[in-house]
Amino acid sequence: LNPLLSFLALISLLLTIILQTHELKATREELELSREAQQKSEVSLKEQAETLEKQLEQAKKASNAEYFFRAVDRMQDESIREARRRIFELAIDHRQPADSWHSKDVLSAEKVCQTYDLVGMMIKNGFVEESMILSSWHTSIIKSWQCTMQIVESRRLIDGDEFWGNYEWLYNKAKKYS
C-alpha cells in the first residue's frame with residue numbers, strides 16, 4: 001500500500017507540474033497579447049494627438065484670418081481712410097504743428113491713432129500675424145505715426161505715457177519691417 005500511495009503522490013506531483021507549466025505558458029501568451037494591444041493603443045493615441053494638433057493649428061489659422069479681416073475692414077473703413085487722407089494732407093500741404101489743427105482734424109488724427117492702436121494690440125497679443133499687416137501697411141503706419149506723433153505726445157501728457165502705446169509699438173515694428 002505504501003508504494004502505491006507513493007506512486008500516486010508522484011503522479012499527482014507530475015500532473016501539478018504539467019498543469020502549472022500550461023498555466024505559465026497561457027499567462028505568457030496573455031502578457032504578449034496585452035503588450036501588443038498596449039503598443040497598438042500607444043500608436044493610436046499618438047495619431048490622435050497629431051490629429052488634434054493639426055486641428056488646433058487649423059483653428060488658430062482660421063481665427064488669425066478672422067482677426068486679420070477685422071483689422072483690414074477697420075483700416076479700410078471709409079471714415080478711417082478719409083481720416084488718414086486728411087492727416088497726410090495736413091502734414092504735406094500745411095506743415096502746421098498739431099496744436100494749431102482744427103478740432104475736426106484732431107478728431108481725424110485720433111481716429112487713425114485709435115485704429116492703429118487696436119491693430120497693434122491685435123498683433124502684439126497674437127490675434128493677427130505681424131507679417132500679414134506689415135507687408136501691406138508698413139508705409140502707411142510709418143507715415144501716419146509721423147503725422148500724428150504730436151497728437152500722441154499731447155494726449156500722453158493728459159492720459160499717461162502708455163496711451164496709444166500699441167500704435168507706437170506697431171510703428172516701431174513697421175520701421176524694422178521696411
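In the set E168, E110, E153, E130, only one residue is over 22 Å from R74 (Cα atoms), charged (D, E, K, R) and in contact with a helix residue (DSSP H, G or I) (Cβ under 9 Å, 6 or more places away or on another chain); that residue is E153.
Of a type outside the set (S, T, N, Q), assigned to a helix (DSSP H, G or I), out of contact with any helix residue (DSSP H, G or I) (no Cβ under 9 Å at 6 or more places or on another chain) and surrounded by 11 or more Cβ atoms within 10 Å (Cβ to Cβ): does that describe K60? Spelling it out, K60 is indeed of a type outside the set (S, T, N, Q), assigned to a helix (DSSP H, G or I), out of contact with any helix residue (DSSP H, G or I) (no Cβ under 9 Å at 6 or more places or on another chain) and surrounded by 11 or more Cβ atoms within 10 Å (Cβ to Cβ). State whether the residues of the stretch 150-162 include one that is open to solvent by 90 Å² or more (accessible area, probe 1.4 Å) and aliphatic (A, V, I, L, M). Yes - at least one qualifying residue is present in the stretch 150-162. Looking only at the stretch 91-141, count every residue that is part of a helix (DSSP H, G or I) and either open to solvent by less than 60 Å² (accessible area, probe 1.4 Å) or under 22 Å from N166 (Cβ atoms) (or both) and tell me the total. Result for the stretch 91-141: 34. Hey, E66 hits all of (1) acidic (D, E); (2) closer than 23 Å to I142 by Cα; (3) at pLDDT below 95 but one; which does it fall short on? Of (1) acidic (D, E); (2) closer than 23 Å to I142 by Cα; (3) at pLDDT below 95, only one is false for E66: (2).
Listed here are the residues, each with its yes/no results for (1) closer than 30 Å to M132 by Cβ; (2) not charged (D, E, K, R).
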residue	(1), (2)
P3	no, yes
L8	no, yes
S12	no, yes
K61	yes, no
F68	yes, yes
M75	yes, yes
A91	yes, yes
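Of the set (1) among the hydrophobic types (A, V, I, L, M, F, W, C); (2) open to solvent by 90 Å² or more (accessible area, probe 1.4 Å); (3) under 30 Å from the mean Cα position of the chain (by Cα), all apply to A174 but (2).
Give the residue, chosen from L4, L52, that is at pLDDT below 95, more than 30 Å from Q146 (Cβ to Cβ) and either outside any helix (DSSP H, G or I) or open to solvent by 90 Å² or more (accessible area, probe 1.4 Å) (or both). Please lay out each step first, then the result.
Values: L52 fails: at pLDDT below 95.
Unique residue meeting the criteria: L4.
The values are calculated or read from the model by the stated rules, or taken from the named source; none is laboratory data. A quick note: this is a predicted structure, and the numbers were derived from the prediction, not measured. Here the Cβ is made from the backbone with ideal geometry for all residues, glycine too, and neighbour counts use every protein chain on show. All accessible areas refer to the heavy atoms of the entire protein, side chains included, with ligands and DNA or RNA removed. Shrake-Rupley method; radii C 1.70, N 1.55, O 1.52, S 1.80 Å.
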